[in-house]
1. Using a Gaussian network model of chain A whose springs link C-alpha atoms within less than 10 Å, name the residue from A:130, A:255, A:76 with the highest mean-square fluctuation.
2. Taking R0 as 56 Å, what's the FRET efficiency between residue B:199 and residue A:282 from their Cβ-Cβ distance, rounded to 0.05?
3. Per residue of B:112-118, what is the mean number of Cβ atoms on other protein chains within 10 angstrom of that residue's Cβ?
4. In nanometres, what is the gap between the two model label sites at residue B:114 and residue A:188, each 7 Å from Cα along Cα-to-Cβ?
5. Quick one: pull the percent of accessible area on segment B:67-185 belonging to carbon and sulfur, 1.4 Å probe, ligands and nucleic acids left out.
6. Could you go through segment A:295-310 in sequence order and give the Karplus-derived ³J(HN,Hα) for each residue, using 6.51 cos²θ - 1.76 cosθ + 1.60 with θ = phi - 60°, rounded to whole Hz, and x for Gly and Pro?
7. What residues does segment A:79-95 have that are buried by at least 20 Å² of accessible area in the full protein assembly compared to the chain on its own, 1.4 angstrom probe?
8. Have a look at segment A:283-324 and report residues whose accessible surface goes down by 40 Å² or more when the remaining protein chains are included, against the chain on its own, probe 1.4 Å, ligands and DNA/RNA excluded.
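The values are calculated or read from the model by the stated rules, or taken from the named source; none is laboratory data. Remember, it's a predicted structure, so these values are computed and weren't measured experimentally. A quick note on method: Cβ atoms are made from the backbone with ideal geometry, for glycine too, and the neighbour counts reach across all protein chains shown. Calculation scope for accessible area: heavy atoms of the full protein, side chains included, ligands and nucleic acids excluded. Shrake-Rupley method; radii C 1.70, N 1.55, O 1.52, S 1.80 Å.
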Amino acid sequence: MYTTELQKTASLGATEDPERLAAFEARVAADEFIEPKDWMPEAYRRTLTRQISQHAHSEIVGMLPEGNWIGRAPSLRRKAILLAKVQDEAGHGLYLYSAAETLGTSREEMIEALHSGKAKYSTIFNYPTLTWADIGAIGWLVDGAAIMNQVPLQRTSYGPYARAMVRVCKEESFHQRQGYEIMMVLAAGTPDQKRMAQDALNRWWWPSLMMFGPPDADSPNTAQSMRWRIKRETNDELRQKFVDITVPQADALGLSVPDPALRWDKARGHYDYGEIDWEEFYAVVRGEGPVAKERIAARRQAWEDGAWVRDAAAAHARKHGRREAA
Amino acid sequence: MASLPPIDLPSNATGAGAFDAPAGVEGNPLFEYLLRLGDDSLVLGQRLSEWCGHAPSVEVDLSLANMALDLIGQATLFLDYAGEVEGKGRDGDSLAFHRDVLDFRCCWLVEQPNGDFARTMARQCLFSTWQHLLFGRLAGSADERIAAIAAKAVKEVAYHRELASEWVIRLGDGTEESRRRMADGLDWTWRFVAELFEMDPLAGFMAEKGIGTDLAAFRADYDAAVRAVIEQATLPPPPDQRPILGGRRGHHSEHLGHLLATMQFLPRTYPDARW
Ligand SMILES: [Fe+2]
Ligand SMILES: [Fe+2]
(Lines give C-alpha, C1' and ligand atoms only; values in the text may rest on other atoms or scores of the structure.)
(Ligands and ions follow the chains in the order given, each with its own letter.)
Protein backbone atom coordinates (compact mmCIF):
# COMPACT_ATOMS: atom_id res chain seq x y z
CA MET A 1 0.00 0.00 0.00
CA TYR A 2 1.07 3.62 0.07
CA THR A 3 2.41 2.93 3.50
CA THR A 4 3.34 -0.69 3.55
CA GLU A 5 6.54 -1.83 5.19
CA LEU A 6 9.02 -1.36 2.41
CA GLN A 7 11.87 -1.06 4.83
CA LYS A 8 12.81 -2.70 8.08
CA THR A 9 11.09 -1.32 11.10
CA ALA A 10 13.35 0.12 13.76
CA SER A 11 13.59 -2.19 16.71
CA LEU A 12 12.48 -1.01 20.08
CA GLY A 13 15.61 0.10 21.89
CA ALA A 14 16.26 -1.09 25.40
CA THR A 15 17.09 2.47 26.41
CA GLU A 16 13.51 3.72 26.83
CA ASP A 17 12.35 4.48 30.35
CA PRO A 18 10.09 1.49 31.19
CA GLU A 19 7.61 3.59 33.16
CA ARG A 20 7.10 6.14 30.37
CA LEU A 21 6.92 3.34 27.85
CA ALA A 22 4.22 1.55 29.85
CA ALA A 23 2.21 4.77 30.18
CA PHE A 24 2.56 5.39 26.44
CA GLU A 25 1.47 1.87 25.54
CA ALA A 26 -1.52 2.17 27.86
CA ARG A 27 -2.63 5.39 26.16
CA VAL A 28 -2.32 3.82 22.74
CA ALA A 29 -4.16 0.71 23.87
CA ALA A 30 -6.96 2.94 25.14
CA ASP A 31 -7.20 4.45 21.64
CA GLU A 32 -6.02 7.87 22.76
CA PHE A 33 -4.32 10.06 20.20
CA ILE A 34 -0.63 10.75 20.63
CA GLU A 35 0.17 14.38 19.81
CA PRO A 36 3.47 15.91 18.62
CA LYS A 37 4.46 17.27 22.05
CA ASP A 38 3.72 14.01 23.85
CA TRP A 39 6.47 11.67 24.85
CA MET A 40 6.87 8.71 22.50
CA PRO A 41 9.40 5.91 22.13
CA GLU A 42 12.08 6.62 19.54
CA ALA A 43 11.17 3.51 17.56
CA TYR A 44 7.56 4.72 17.31
CA ARG A 45 8.76 8.11 16.08
CA ARG A 46 11.11 6.55 13.51
CA THR A 47 8.57 4.03 12.25
CA LEU A 48 5.89 6.67 11.90
CA THR A 49 8.20 9.17 10.23
CA ARG A 50 9.11 6.54 7.70
CA GLN A 51 5.53 5.45 7.15
CA ILE A 52 4.09 8.95 6.79
CA SER A 53 6.91 10.22 4.60
CA GLN A 54 6.62 7.13 2.41
CA HIS A 55 2.95 7.89 2.09
CA ALA A 56 3.70 11.54 1.22
CA HIS A 57 6.27 10.52 -1.40
CA SER A 58 3.72 8.15 -2.92
CA GLU A 59 1.23 10.97 -3.33
CA ILE A 60 3.83 13.16 -5.04
CA VAL A 61 5.37 10.49 -7.27
CA GLY A 62 1.82 9.30 -8.02
CA MET A 63 1.16 12.63 -9.73
CA LEU A 64 3.49 11.61 -12.55
CA PRO A 65 1.70 8.61 -14.12
CA GLU A 66 -1.60 10.51 -14.08
CA GLY A 67 -0.10 13.86 -15.01
CA ASN A 68 1.09 12.02 -18.10
CA TRP A 69 -2.51 12.08 -19.38
CA ILE A 70 -3.79 15.54 -18.42
CA GLY A 71 -2.61 16.98 -21.71
CA ARG A 72 -4.31 14.17 -23.62
CA ALA A 73 -7.55 13.82 -21.69
CA PRO A 74 -10.25 13.15 -24.28
CA SER A 75 -12.79 15.80 -23.28
CA LEU A 76 -12.81 19.11 -21.45
CA ARG A 77 -14.73 17.54 -18.58
CA ARG A 78 -12.27 14.65 -18.24
CA LYS A 79 -9.38 17.08 -18.39
CA ALA A 80 -10.83 19.17 -15.57
CA ILE A 81 -11.58 16.11 -13.43
CA LEU A 82 -8.09 14.72 -13.91
CA LEU A 83 -6.44 18.06 -13.17
CA ALA A 84 -8.48 18.34 -9.99
CA LYS A 85 -7.57 14.81 -9.03
CA VAL A 86 -3.85 15.27 -9.49
CA GLN A 87 -4.15 18.54 -7.59
CA ASP A 88 -5.80 16.65 -4.73
CA GLU A 89 -2.85 14.25 -4.68
CA ALA A 90 -0.44 17.18 -4.39
CA GLY A 91 -2.56 18.39 -1.47
CA HIS A 92 -2.36 14.96 0.16
CA GLY A 93 1.39 15.08 -0.22
CA LEU A 94 1.45 18.44 1.55
CA TYR A 95 -0.70 17.40 4.53
CA LEU A 96 1.37 14.27 4.93
CA TYR A 97 4.72 16.07 4.76
CA SER A 98 3.36 18.45 7.39
CA ALA A 99 2.20 15.56 9.57
CA ALA A 100 5.62 13.91 9.24
CA GLU A 101 7.38 17.19 10.06
CA THR A 102 5.65 17.26 13.44
CA LEU A 103 7.82 14.25 14.29
CA GLY A 104 10.97 16.31 13.83
CA THR A 105 12.19 15.63 10.30
CA SER A 106 12.14 18.51 7.80
CA ARG A 107 10.49 18.26 4.41
CA GLU A 108 13.86 18.90 2.72
CA GLU A 109 15.38 15.94 4.52
CA MET A 110 12.49 13.72 3.46
CA ILE A 111 12.71 14.86 -0.16
CA GLU A 112 16.45 14.34 -0.12
CA ALA A 113 15.88 10.77 1.09
CA LEU A 114 13.41 10.16 -1.75
CA HIS A 115 15.79 11.47 -4.38
CA SER A 116 18.73 9.48 -3.09
CA GLY A 117 16.67 6.29 -3.16
CA LYS A 118 16.89 5.91 0.61
CA ALA A 119 13.17 6.48 1.10
CA LYS A 120 10.65 4.35 -0.73
CA TYR A 121 7.27 5.08 -2.23
CA SER A 122 4.44 2.83 -3.33
CA THR A 123 5.57 0.24 -5.87
CA ILE A 124 2.45 0.86 -7.96
CA PHE A 125 3.73 4.12 -9.41
CA ASN A 126 6.65 2.38 -11.09
CA TYR A 127 4.36 1.10 -13.82
CA PRO A 128 3.64 3.18 -16.94
CA THR A 129 0.31 4.69 -18.04
CA LEU A 130 -0.03 3.62 -21.66
CA THR A 131 -3.59 4.45 -22.58
CA TRP A 132 -6.46 6.57 -21.32
CA ALA A 133 -7.91 3.45 -19.72
CA ASP A 134 -4.97 3.46 -17.31
CA ILE A 135 -6.37 6.65 -15.82
CA GLY A 136 -9.62 4.81 -15.21
CA ALA A 137 -7.85 1.76 -13.81
CA ILE A 138 -5.68 3.83 -11.47
CA GLY A 139 -8.69 5.65 -10.04
CA TRP A 140 -10.68 2.48 -9.66
CA LEU A 141 -7.98 0.09 -8.41
CA VAL A 142 -5.17 2.21 -6.99
CA ASP A 143 -7.32 4.81 -5.27
CA GLY A 144 -9.61 1.93 -4.31
CA ALA A 145 -6.73 0.10 -2.64
CA ALA A 146 -5.60 3.36 -1.03
CA ILE A 147 -9.02 3.82 0.56
CA MET A 148 -8.99 0.26 1.82
CA ASN A 149 -5.71 0.92 3.57
CA GLN A 150 -6.37 4.45 4.72
CA VAL A 151 -9.84 4.19 6.19
CA PRO A 152 -8.50 2.25 9.20
CA LEU A 153 -5.67 4.80 9.50
CA GLN A 154 -8.24 7.46 10.36
CA ARG A 155 -8.09 5.82 13.77
CA THR A 156 -4.34 5.47 13.86
CA SER A 157 -2.67 6.42 17.14
CA TYR A 158 -0.77 9.48 15.94
CA GLY A 159 -3.15 12.45 15.93
CA PRO A 160 -1.75 14.49 13.02
CA TYR A 161 -1.62 11.39 10.81
CA ALA A 162 -5.14 10.30 11.71
CA ARG A 163 -6.51 13.77 10.99
CA ALA A 164 -4.68 13.96 7.66
CA MET A 165 -6.24 10.60 6.76
CA VAL A 166 -9.77 11.85 7.44
CA ARG A 167 -9.30 14.60 4.90
CA VAL A 168 -7.51 12.39 2.41
CA CYS A 169 -10.06 9.56 2.52
CA LYS A 170 -12.94 11.80 1.50
CA GLU A 171 -11.10 12.80 -1.65
CA GLU A 172 -9.86 9.30 -2.43
CA SER A 173 -13.40 7.99 -2.61
CA PHE A 174 -14.23 10.63 -5.23
CA HIS A 175 -11.18 9.54 -7.18
CA GLN A 176 -12.24 5.94 -7.00
CA ARG A 177 -15.72 6.70 -8.32
CA GLN A 178 -14.38 8.88 -11.10
CA GLY A 179 -11.96 6.15 -12.14
CA TYR A 180 -14.69 3.56 -12.17
CA GLU A 181 -16.86 5.85 -14.26
CA ILE A 182 -14.09 6.13 -16.87
CA MET A 183 -13.94 2.32 -16.95
CA MET A 184 -17.73 2.05 -17.33
CA VAL A 185 -17.70 4.32 -20.37
CA LEU A 186 -14.78 2.46 -21.95
CA ALA A 187 -16.15 -1.00 -21.20
CA ALA A 188 -19.41 -0.03 -22.88
CA GLY A 189 -17.64 1.75 -25.73
CA THR A 190 -16.14 0.81 -29.08
CA PRO A 191 -14.06 -2.38 -29.48
CA ASP A 192 -10.90 -0.24 -29.26
CA GLN A 193 -12.05 1.26 -25.97
CA LYS A 194 -13.03 -2.07 -24.55
CA ARG A 195 -9.64 -3.45 -25.47
CA MET A 196 -7.94 -0.56 -23.67
CA ALA A 197 -10.06 -1.18 -20.59
CA GLN A 198 -9.31 -4.91 -20.46
CA ASP A 199 -5.62 -4.36 -21.08
CA ALA A 200 -5.48 -1.80 -18.29
CA LEU A 201 -7.13 -4.22 -15.85
CA ASN A 202 -4.71 -6.93 -16.94
CA ARG A 203 -1.71 -4.73 -16.22
CA TRP A 204 -2.88 -3.03 -13.03
CA TRP A 205 -4.57 -5.94 -11.24
CA TRP A 206 -1.56 -7.71 -9.78
CA PRO A 207 0.42 -4.56 -8.93
CA SER A 208 -2.71 -3.34 -7.11
CA LEU A 209 -2.79 -6.48 -4.97
CA MET A 210 0.91 -5.99 -4.25
CA MET A 211 0.16 -2.51 -2.90
CA PHE A 212 -0.96 -4.09 0.37
CA GLY A 213 2.55 -5.34 0.98
CA PRO A 214 4.10 -8.75 1.64
CA PRO A 215 2.00 -11.62 3.02
CA ASP A 216 1.51 -11.54 6.78
CA ALA A 217 3.90 -14.44 7.21
CA ASP A 218 6.70 -12.29 5.74
CA SER A 219 5.70 -9.16 7.56
CA PRO A 220 7.34 -9.58 10.95
CA ASN A 221 6.76 -6.02 12.11
CA THR A 222 3.02 -6.13 11.71
CA ALA A 223 2.46 -7.20 15.32
CA GLN A 224 4.39 -4.23 16.72
CA SER A 225 2.70 -1.81 14.33
CA MET A 226 -0.73 -3.17 15.22
CA ARG A 227 0.07 -2.84 18.92
CA TRP A 228 1.02 0.80 18.36
CA ARG A 229 -2.12 1.34 16.30
CA ILE A 230 0.05 2.50 13.39
CA LYS A 231 -1.50 -0.28 11.45
CA ARG A 232 -4.99 -1.49 12.22
CA GLU A 233 -5.43 -4.47 9.90
CA THR A 234 -2.91 -6.87 8.43
CA ASN A 235 -1.76 -6.82 4.82
CA ASP A 236 -3.57 -10.02 3.95
CA GLU A 237 -6.81 -8.93 5.62
CA LEU A 238 -6.83 -5.70 3.65
CA ARG A 239 -5.89 -7.46 0.42
CA GLN A 240 -8.76 -9.94 0.86
CA LYS A 241 -11.21 -7.11 1.47
CA PHE A 242 -10.01 -5.38 -1.67
CA VAL A 243 -10.41 -8.51 -3.79
CA ASP A 244 -13.88 -9.18 -2.37
CA ILE A 245 -15.09 -5.69 -3.20
CA THR A 246 -13.35 -5.30 -6.55
CA VAL A 247 -14.13 -8.58 -8.31
CA PRO A 248 -17.90 -7.91 -8.51
CA GLN A 249 -17.09 -4.42 -9.81
CA ALA A 250 -15.04 -5.96 -12.62
CA ASP A 251 -17.94 -8.32 -13.35
CA ALA A 252 -20.30 -5.37 -13.56
CA LEU A 253 -17.99 -3.83 -16.16
CA GLY A 254 -17.96 -7.04 -18.16
CA LEU A 255 -14.18 -7.22 -17.80
CA SER A 256 -12.31 -10.29 -16.67
CA VAL A 257 -9.89 -10.30 -13.79
CA PRO A 258 -6.60 -11.77 -15.05
CA ASP A 259 -6.46 -14.60 -12.51
CA PRO A 260 -7.47 -18.14 -13.55
CA ALA A 261 -7.45 -19.23 -9.91
CA LEU A 262 -10.03 -16.68 -8.88
CA ARG A 263 -13.20 -18.25 -7.50
CA TRP A 264 -15.79 -17.62 -4.85
CA ASP A 265 -15.24 -19.75 -1.76
CA LYS A 266 -18.65 -20.26 -0.23
CA ALA A 267 -17.31 -21.76 2.97
CA ARG A 268 -14.93 -18.86 3.66
CA GLY A 269 -17.29 -16.26 2.31
CA HIS A 270 -14.38 -14.76 0.36
CA TYR A 271 -12.80 -14.96 -3.06
CA ASP A 272 -9.82 -17.24 -3.38
CA TYR A 273 -7.17 -15.75 -5.61
CA GLY A 274 -3.98 -16.96 -7.25
CA GLU A 275 -0.39 -16.71 -6.12
CA ILE A 276 1.09 -13.20 -6.20
CA ASP A 277 4.49 -12.92 -7.85
CA TRP A 278 6.44 -11.67 -4.85
CA GLU A 279 9.68 -11.75 -6.81
CA GLU A 280 8.27 -9.00 -8.99
CA PHE A 281 7.16 -7.07 -5.93
CA TYR A 282 10.59 -7.18 -4.29
CA ALA A 283 12.25 -6.26 -7.57
CA VAL A 284 10.04 -3.18 -7.81
CA VAL A 285 10.76 -2.32 -4.16
CA ARG A 286 14.46 -2.47 -5.04
CA GLY A 287 13.83 0.16 -7.73
CA GLU A 288 13.62 -2.19 -10.71
CA GLY A 289 10.08 -1.35 -11.80
CA PRO A 290 9.50 -0.68 -15.51
CA VAL A 291 9.58 3.12 -15.14
CA ALA A 292 11.21 3.50 -11.73
CA LYS A 293 14.19 5.34 -13.17
CA GLU A 294 11.91 7.70 -15.08
CA ARG A 295 9.90 8.50 -11.95
CA ILE A 296 12.87 9.36 -9.79
CA ALA A 297 14.60 11.20 -12.62
CA ALA A 298 11.48 13.33 -13.11
CA ARG A 299 11.27 14.18 -9.41
CA ARG A 300 14.96 15.04 -9.21
CA GLN A 301 14.79 17.11 -12.35
CA ALA A 302 11.80 19.09 -11.07
CA TRP A 303 13.57 19.68 -7.77
CA GLU A 304 16.86 20.71 -9.36
CA ASP A 305 15.22 22.88 -12.02
CA GLY A 306 13.20 24.55 -9.30
CA ALA A 307 16.16 25.28 -7.03
CA TRP A 308 16.74 28.79 -8.41
CA VAL A 309 13.04 29.59 -7.90
CA ARG A 310 13.07 28.46 -4.27
CA ASP A 311 16.34 30.34 -3.71
CA ALA A 312 14.87 33.47 -5.26
CA ALA A 313 11.75 33.27 -3.11
CA ALA A 314 13.90 32.87 -0.01
CA ALA A 315 16.18 35.75 -1.03
CA HIS A 316 13.21 37.98 -1.72
CA ALA A 317 11.64 37.11 1.60
CA ARG A 318 14.89 37.90 3.41
CA LYS A 319 15.19 41.25 1.69
CA HIS A 320 11.64 42.17 2.52
CA GLY A 321 11.33 40.43 5.84
CA ARG A 322 8.36 38.39 4.79
CA ARG A 323 7.66 34.71 5.04
CA GLU A 324 8.93 32.51 2.28
CA ALA A 325 6.26 31.65 -0.24
CA ALA A 326 7.74 28.76 -2.17
CA MET B 1 29.43 43.29 -57.08
CA ALA B 2 25.73 43.97 -57.32
CA SER B 3 24.10 44.55 -54.03
CA LEU B 4 20.57 44.95 -52.84
CA PRO B 5 19.31 48.47 -52.93
CA PRO B 6 19.26 50.08 -49.50
CA ILE B 7 16.01 49.63 -47.63
CA ASP B 8 14.45 52.70 -46.13
CA LEU B 9 12.75 51.78 -42.93
CA PRO B 10 9.72 53.94 -42.31
CA SER B 11 9.58 54.79 -38.64
CA ASN B 12 5.89 53.90 -38.41
CA ALA B 13 6.05 50.41 -39.92
CA THR B 14 3.08 48.37 -38.80
CA GLY B 15 2.13 44.74 -39.20
CA ALA B 16 -0.47 43.91 -41.81
CA GLY B 17 1.19 41.78 -44.41
CA ALA B 18 -0.59 38.72 -45.77
CA PHE B 19 0.27 37.01 -42.49
CA ASP B 20 -1.30 39.38 -40.05
CA ALA B 21 -3.68 41.59 -42.03
CA PRO B 22 -6.90 42.13 -40.15
CA ALA B 23 -9.85 40.22 -41.52
CA GLY B 24 -13.26 41.81 -42.03
CA VAL B 25 -16.37 40.86 -40.10
CA GLU B 26 -17.44 37.65 -41.77
CA GLY B 27 -19.57 34.67 -40.87
CA ASN B 28 -21.10 34.72 -37.41
CA PRO B 29 -19.34 37.46 -35.43
CA LEU B 30 -20.59 36.31 -32.01
CA PHE B 31 -19.34 32.79 -32.71
CA GLU B 32 -15.96 34.15 -33.78
CA TYR B 33 -15.78 36.36 -30.73
CA LEU B 34 -16.56 33.49 -28.37
CA LEU B 35 -13.82 31.43 -29.98
CA ARG B 36 -11.32 34.15 -29.15
CA LEU B 37 -12.38 34.15 -25.52
CA GLY B 38 -12.60 30.37 -25.23
CA ASP B 39 -9.42 29.56 -27.11
CA ASP B 40 -7.31 31.93 -25.01
CA SER B 41 -8.43 30.14 -21.86
CA LEU B 42 -8.20 26.66 -23.36
CA VAL B 43 -4.70 27.00 -24.77
CA LEU B 44 -3.27 28.66 -21.66
CA GLY B 45 -4.95 26.04 -19.44
CA GLN B 46 -3.40 23.31 -21.57
CA ARG B 47 0.01 24.96 -21.31
CA LEU B 48 -0.15 25.38 -17.55
CA SER B 49 -1.20 21.79 -17.03
CA GLU B 50 2.11 20.71 -18.59
CA TRP B 51 3.75 21.81 -15.33
CA CYS B 52 1.78 19.29 -13.33
CA GLY B 53 4.16 17.18 -11.24
CA HIS B 54 7.21 19.17 -12.36
CA ALA B 55 6.90 22.54 -10.61
CA PRO B 56 9.57 24.03 -8.30
CA SER B 57 7.63 23.03 -5.18
CA VAL B 58 4.43 21.22 -4.28
CA GLU B 59 2.81 24.56 -3.39
CA VAL B 60 3.64 25.99 -6.81
CA ASP B 61 2.41 22.80 -8.45
CA LEU B 62 -0.92 23.31 -6.69
CA SER B 63 -1.25 26.93 -7.71
CA LEU B 64 -0.45 26.22 -11.37
CA ALA B 65 -2.94 23.35 -11.50
CA ASN B 66 -5.49 25.58 -9.87
CA MET B 67 -5.11 28.23 -12.56
CA ALA B 68 -5.21 25.58 -15.28
CA LEU B 69 -8.43 24.26 -13.83
CA ASP B 70 -10.04 27.71 -13.79
CA LEU B 71 -8.99 28.31 -17.39
CA ILE B 72 -10.29 24.95 -18.64
CA GLY B 73 -13.58 25.74 -16.88
CA GLN B 74 -13.83 29.12 -18.62
CA ALA B 75 -12.97 27.53 -21.96
CA THR B 76 -15.74 24.98 -21.50
CA LEU B 77 -18.32 27.69 -20.84
CA PHE B 78 -17.25 29.91 -23.73
CA LEU B 79 -16.86 27.10 -26.25
CA ASP B 80 -20.11 25.36 -25.33
CA TYR B 81 -21.83 28.69 -25.86
CA ALA B 82 -19.97 29.18 -29.13
CA GLY B 83 -21.29 25.84 -30.31
CA GLU B 84 -24.85 26.83 -29.44
CA VAL B 85 -24.48 30.18 -31.20
CA GLU B 86 -23.12 28.48 -34.29
CA GLY B 87 -26.11 26.13 -34.34
CA LYS B 88 -24.41 23.30 -36.22
CA GLY B 89 -24.54 20.74 -33.45
CA ARG B 90 -21.00 21.33 -32.20
CA ASP B 91 -20.25 21.65 -28.49
CA GLY B 92 -17.20 22.72 -26.53
CA ASP B 93 -15.54 19.35 -26.99
CA SER B 94 -15.96 19.23 -30.73
CA LEU B 95 -14.64 22.77 -30.97
CA ALA B 96 -11.68 22.05 -28.70
CA PHE B 97 -10.72 18.71 -30.20
CA HIS B 98 -11.72 18.91 -33.86
CA ARG B 99 -10.41 22.22 -35.13
CA ASP B 100 -7.01 22.71 -36.70
CA VAL B 101 -4.63 25.64 -36.32
CA LEU B 102 -6.28 27.88 -38.92
CA ASP B 103 -9.57 27.76 -37.04
CA PHE B 104 -8.11 28.53 -33.62
CA ARG B 105 -8.55 32.11 -32.48
CA CYS B 106 -6.24 32.37 -29.46
CA CYS B 107 -3.53 35.01 -29.18
CA TRP B 108 0.17 34.22 -29.58
CA LEU B 109 0.96 34.90 -25.94
CA VAL B 110 -0.96 31.91 -24.59
CA GLU B 111 0.53 29.48 -27.12
CA GLN B 112 4.08 30.19 -26.04
CA PRO B 113 5.85 27.19 -24.53
CA ASN B 114 6.28 27.29 -20.77
CA GLY B 115 10.02 27.79 -20.91
CA ASP B 116 11.39 28.13 -17.40
CA PHE B 117 9.25 29.19 -14.47
CA ALA B 118 10.12 32.85 -15.03
CA ARG B 119 8.84 32.79 -18.58
CA THR B 120 5.69 31.01 -17.48
CA MET B 121 5.10 33.74 -14.89
CA ALA B 122 5.87 36.55 -17.35
CA ARG B 123 3.30 35.08 -19.71
CA GLN B 124 0.79 34.67 -16.89
CA CYS B 125 1.24 38.17 -15.53
CA LEU B 126 0.90 39.81 -18.95
CA PHE B 127 -2.10 37.69 -19.86
CA SER B 128 -3.99 37.58 -16.57
CA THR B 129 -3.67 41.32 -16.04
CA TRP B 130 -5.30 41.80 -19.44
CA GLN B 131 -7.91 39.10 -18.93
CA HIS B 132 -8.82 40.55 -15.54
CA LEU B 133 -9.41 44.01 -16.98
CA LEU B 134 -11.27 42.50 -19.94
CA PHE B 135 -13.59 40.30 -17.89
CA GLY B 136 -14.28 43.18 -15.53
CA ARG B 137 -15.78 44.96 -18.53
CA LEU B 138 -17.41 41.91 -20.12
CA ALA B 139 -19.26 41.34 -16.85
CA GLY B 140 -21.40 44.23 -18.11
CA SER B 141 -21.79 42.77 -21.62
CA ALA B 142 -25.11 43.17 -23.42
CA ASP B 143 -24.95 39.42 -23.97
CA GLU B 144 -26.21 37.87 -20.74
CA ARG B 145 -24.34 34.60 -21.13
CA ILE B 146 -21.01 36.37 -21.70
CA ALA B 147 -21.77 38.70 -18.80
CA ALA B 148 -22.45 35.77 -16.48
CA ILE B 149 -19.34 33.82 -17.51
CA ALA B 150 -17.15 36.91 -17.17
CA ALA B 151 -18.64 37.83 -13.80
CA LYS B 152 -17.71 34.42 -12.44
CA ALA B 153 -14.34 34.23 -14.15
CA VAL B 154 -13.20 37.72 -13.16
CA LYS B 155 -12.82 36.55 -9.56
CA GLU B 156 -10.69 33.58 -10.59
CA VAL B 157 -8.55 35.74 -12.84
CA ALA B 158 -8.03 38.34 -10.13
CA TYR B 159 -6.23 35.62 -8.23
CA HIS B 160 -4.19 34.55 -11.27
CA ARG B 161 -3.12 38.13 -11.81
CA GLU B 162 -2.10 38.59 -8.21
CA LEU B 163 -0.24 35.32 -8.02
CA ALA B 164 1.68 35.91 -11.25
CA SER B 165 2.47 39.53 -10.38
CA GLU B 166 3.87 38.45 -7.03
CA TRP B 167 6.11 35.92 -8.73
CA VAL B 168 7.36 38.48 -11.25
CA ILE B 169 8.26 40.72 -8.32
CA ARG B 170 9.81 37.94 -6.28
CA LEU B 171 11.91 36.63 -9.16
CA GLY B 172 12.91 40.06 -10.44
CA ASP B 173 13.96 41.11 -6.97
CA GLY B 174 15.32 37.73 -5.85
CA THR B 175 18.78 36.47 -6.79
CA GLU B 176 21.09 37.36 -9.68
CA GLU B 177 19.95 34.27 -11.54
CA SER B 178 16.24 34.77 -11.02
CA ARG B 179 16.57 38.40 -12.05
CA ARG B 180 18.27 37.44 -15.31
CA ARG B 181 15.67 34.75 -15.98
CA MET B 182 12.78 37.09 -15.22
CA ALA B 183 14.16 39.72 -17.59
CA ASP B 184 14.52 37.02 -20.27
CA GLY B 185 10.96 35.86 -19.66
CA LEU B 186 9.60 39.35 -20.14
CA ASP B 187 11.77 39.86 -23.20
CA TRP B 188 10.35 36.68 -24.76
CA THR B 189 6.71 37.55 -24.13
CA TRP B 190 6.72 41.33 -24.59
CA ARG B 191 6.15 41.30 -28.38
CA PHE B 192 2.79 39.57 -27.90
CA VAL B 193 1.19 42.25 -25.74
CA ALA B 194 0.03 44.42 -28.65
CA GLU B 195 -2.10 41.58 -30.00
CA LEU B 196 -4.11 41.55 -26.78
CA PHE B 197 -5.25 45.09 -27.56
CA GLU B 198 -5.74 44.72 -31.29
CA MET B 199 -9.01 46.31 -32.34
CA ASP B 200 -9.67 44.61 -35.65
CA PRO B 201 -13.03 44.97 -37.41
CA LEU B 202 -14.58 42.07 -35.46
CA ALA B 203 -13.48 43.46 -32.10
CA GLY B 204 -14.80 46.86 -33.17
CA PHE B 205 -18.09 45.41 -34.29
CA MET B 206 -18.61 43.51 -31.03
CA ALA B 207 -17.71 46.60 -29.00
CA GLU B 208 -20.26 48.67 -30.92
CA LYS B 209 -22.93 46.09 -30.16
CA GLY B 210 -22.10 46.37 -26.47
CA ILE B 211 -21.29 42.64 -26.40
CA GLY B 212 -17.54 43.11 -26.54
CA THR B 213 -15.61 46.09 -25.30
CA ASP B 214 -13.22 48.72 -26.58
CA LEU B 215 -9.85 47.25 -25.71
CA ALA B 216 -8.10 50.58 -26.15
CA ALA B 217 -10.17 51.92 -23.27
CA PHE B 218 -8.15 49.96 -20.73
CA ARG B 219 -4.76 50.01 -22.40
CA ALA B 220 -3.56 52.81 -20.14
CA ASP B 221 -4.69 50.95 -17.01
CA TYR B 222 -2.94 47.85 -18.25
CA ASP B 223 0.29 49.63 -19.04
CA ALA B 224 0.30 51.32 -15.66
CA ALA B 225 -0.38 48.06 -13.81
CA VAL B 226 2.31 46.12 -15.65
CA ARG B 227 4.78 48.97 -15.30
CA ALA B 228 4.16 49.04 -11.55
CA VAL B 229 4.84 45.30 -11.26
CA ILE B 230 8.04 45.55 -13.29
CA GLU B 231 9.16 48.52 -11.22
CA GLN B 232 8.51 46.66 -7.99
CA ALA B 233 10.46 43.76 -9.45
CA THR B 234 13.32 46.30 -9.79
CA LEU B 235 13.62 45.40 -13.47
CA PRO B 236 14.11 47.90 -16.29
CA PRO B 237 11.03 48.28 -18.50
CA PRO B 238 11.47 46.01 -21.54
CA PRO B 239 12.14 47.97 -24.73
CA ASP B 240 9.33 48.10 -27.31
CA GLN B 241 9.31 45.28 -29.84
CA ARG B 242 7.54 44.94 -33.14
CA PRO B 243 4.06 43.57 -32.41
CA ILE B 244 3.44 40.01 -33.53
CA LEU B 245 -0.15 39.60 -34.69
CA GLY B 246 -2.26 37.05 -36.52
CA GLY B 247 -3.70 34.69 -33.91
CA ARG B 248 -7.20 36.18 -34.06
CA ARG B 249 -7.49 35.05 -37.69
CA GLY B 250 -5.82 31.71 -37.37
CA HIS B 251 -2.23 32.66 -38.10
CA HIS B 252 -0.31 31.32 -35.14
CA SER B 253 3.11 30.40 -33.84
CA GLU B 254 4.57 27.03 -34.81
CA HIS B 255 4.00 25.93 -31.24
CA LEU B 256 0.22 25.76 -31.47
CA GLY B 257 0.15 22.84 -33.89
CA HIS B 258 2.18 20.70 -31.51
CA LEU B 259 0.00 21.67 -28.57
CA LEU B 260 -3.10 20.65 -30.55
CA ALA B 261 -1.52 17.40 -31.71
CA THR B 262 -1.09 16.36 -28.10
CA MET B 263 -4.38 17.69 -26.83
CA GLN B 264 -6.53 16.34 -29.66
CA PHE B 265 -4.88 12.97 -30.11
CA LEU B 266 -7.55 10.73 -28.55
CA PRO B 267 -10.72 12.19 -30.09
CA ARG B 268 -8.95 12.38 -33.46
CA THR B 269 -7.63 8.82 -33.32
CA TYR B 270 -10.97 7.35 -32.25
CA PRO B 271 -13.55 9.58 -33.93
CA ASP B 272 -16.44 7.23 -33.15
CA ALA B 273 -15.69 6.91 -29.47
CA ARG B 274 -17.34 8.72 -26.59
CA TRP B 275 -15.36 9.26 -23.44
FE1 LIG C 1 -4.02 10.61 -2.56
FE1 LIG D 1 -6.31 9.69 -4.98
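1. It is A:76.
2. Efficiency, from the Cβ-Cβ distance: 0.25.
3. Partner-chain Cβ atoms within 10 Å, mean over residues of B:112-118: 2.
4. Here the answer is 3.5 nm between the modelled labels.
5. So the carbon and sulfur contribution to the accessible surface is 50 percent.
6. Those phi angles translate into 4, 5, 4, 5, 5, 4, 4, 4, 5, 5, 5, x, 4, 5, 5, 5 Hz.
7. Residues meeting the cut-off: A:79, A:80, A:83, A:87, A:90, A:94.
8. For segment A:283-324, once contacts with the other chains are taken into account, A:302, A:308, A:309, A:312, A:316, A:319 lose 40 Å² or more.
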